[in-house]
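Working notes for the structure below.
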Amino acid sequence: MPRYRLPRRQVLASLGAAPVVSLLSTRADAVMASNDGAAPAIESQWVLDIVLDLRLTTPATAARGSALILGGRAAGPLLDGVVLPGSVEWSLDAERAVLRWTAHYDLQAGATRVHVTDRAAVLTSAAGCWNTPFPTAPELQWISGPVALGNALHLGRMDASDIDAGRLRMNVHRVL
């Protein structure tokens, strides 16, 4: 398998006039290996189902839109509780067929409170951006109560087919 070494302190990208430089120390050894085509085994564990009740502040067809999260329900091995008020924002770049999505809300079960920031950037189809479930990247931050999260990567699957009726459904999985 061929190995490629990156020169130390190489400029990896540029944001405007400011270069983004690798912050690896001179002792770090960055190695890239070619992909042999075998898909790595990635396992996940279902931890939560979330239903968000919302009120659209703009039509779902708007290129830039938002909604207020009024509440909802969260249930699963992680916690069994309610969704507290929050917000959803989206933008649809029709020229590139890309939907950008962000949601902020808290989950509460007794003394346990978790803040959720959920993001997505997905390609949309001609059928519309809300008709097909799309992957999201929920970040769960433990606010209070017994800590059950630890450091984990979570993946979400958002079903927004009922957005016009004021309902979103999401499954959350933890990557093992």
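Quick note: the coordinates plus some simple rules give every number you see, no bench work behind them. These numbers come from a predicted model, not from an experiment. Please note: Cβ atoms are built from the backbone with ideal geometry, for glycine as well, and neighbour counts cover all protein chains shown.
What do you reckon, is residue 137 part of a strand (DSSP E or B) and in contact with a Phe, Trp or Tyr (Cβ under 7 Å, 6 or more places away or on another chain)? When the stated conditions are applied, residue 137 does not pass them. Taken over region 39-66, residues that are exposed (fewer than 11 other Cβ atoms within 10 Å of the Cβ) and touching a helix residue (DSSP H, G or I) at 6+ places or on another chain (Cβ under 9 Å) amount to 1. Residues that are surrounded by 14 or more Cβ atoms within 10 Å (Cβ to Cβ), of a type in the set (S, T, N, Q) and either on the phi < 0 side of the Ramachandran plot or part of a strand (DSSP E or B) (or both) do occur in region 94-103. Report, ordered by the first and then the second residue, all pairs with beta carbons closer than 8 Å, sequence separation of six or more or different chains, a first member in region 124-145 that is charged (D, E, K, R), and a second member that is surrounded by fewer than 18 Cβ atoms within 10 Å (Cβ to Cβ). Taking only residues 6 or more apart or on different chains, the pairs are 139/117; 139/119. Here region 67-80 is the region considered, the condition is being among the small types (Gly, Ala, Ser) and crowded, with 18+ Cβ neighbours inside 10 Å, and the residue that is nearest to residue 49 (Cα to Cα) is 74.
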